[in-house]
1. Looking only at the stretch 49-66, count how many residues are assigned to a loop (DSSP other than H, G, I, E, B), under 13 Å from L80 (Cα atoms) and open to solvent by less than 80 Å² (accessible area, probe 1.4 Å).
2. For the stretch 17-39, enumerate the residues that are at pLDDT 95 or above and either in contact with a Cys (Cβ under 7 Å, 6 or more places away or on another chain) or open to solvent by less than 20 Å² (accessible area, probe 1.4 Å) (or both).
3. Among the numbered conditions (1) of a type outside the set (A, V, I, L, M); (2) open to solvent by less than 60 Å² (accessible area, probe 1.4 Å); (3) more than 26 Å from S114 (Cβ to Cβ); (4) touching a Ser or Thr at 6+ places or on another chain (Cβ under 8 Å), tell me where N73 comes up short.
4. Take the residues in the stretch 1-16 that are open to solvent by less than 30 Å² (accessible area, probe 1.4 Å) and over 12 Å from the mean Cα position of the chain (by Cα); name whichever of them is modelled with the lowest pLDDT.
5. Is it the case, given these coordinates, that V104 is touching a Leu at 6+ places or on another chain (Cβ under 7 Å), open to solvent by less than 20 Å² (accessible area, probe 1.4 Å) and in contact (Cβ under 8 Å) with a residue 24 or more places away in the chain?
6. Restrict the check to the stretch 81-97 and report whether at least one residue is part of a strand (DSSP E or B), touching a residue at least 24 places away in the same chain (Cβ under 8 Å), under 17 Å from G31 (Cβ atoms) and over 11 Å from the mean Cα position of the chain (by Cα).
Amino acid sequence: QVQLVESGGGLVQPGGSLRLSCGASGSGFSGNPMGWYRQAPGKQRELVARITSGGRTNHADSVKGRFSISRDNAKNTVYLQMNSLSPEDTAVYYCHVEFQFGLVWGQGTQVTVSS
């Protein structure tokens, strides 16, 4: 059984930065892709970024050049560095691990971008 715990969310002014962390515990996921989704009020959950165990990354067009996903396999942790934040980035951010049967989610962390 895998458990994911996110941290690092909060309130930040437009143009600011945050770094989200997601720690994973359990077994059977070290070779699996991990990543981040987000869900804003009244909107569908959308993929923000994804990273394989080998470090290959994908970022949504809306965050390219501003967000960067990384992973420390030794610490079972995935990170999301978010720069140049705008109010449109306000959402609950969810960490996930991909398995053949589907995705396992964390509980989410709120990111609010507001002046």
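The values are calculated or read from the model by the stated rules, or taken from the named source; none is laboratory data. Computed from a predicted model, the values in this text were never measured in an experiment. Neighbour counts run over all protein chains shown; Cβ positions are idealised from the backbone, glycine included. With ligands, DNA and RNA removed, areas are computed over all heavy atoms of the protein, side chains included. Shrake-Rupley method; radii C 1.70, N 1.55, O 1.52, S 1.80 Å.
1. Number of matching residues: 3.
2. Of everything in the stretch 17-39, those that are at pLDDT 95 or above and either in contact with a Cys (Cβ under 7 Å, 6 or more places away or on another chain) or open to solvent by less than 20 Å² (accessible area, probe 1.4 Å) (or both) turn out to be L20, C22, M34, G35, W36, R38.
3. (2)
4. That would be V2.
5. So V104 fails the test.
6. The answer is no, given that none of the residues of the stretch 81-97 is part of a strand (DSSP E or B), touching a residue at least 24 places away in the same chain (Cβ under 8 Å), under 17 Å from G31 (Cβ atoms) and over 11 Å from the mean Cα position of the chain (by Cα).
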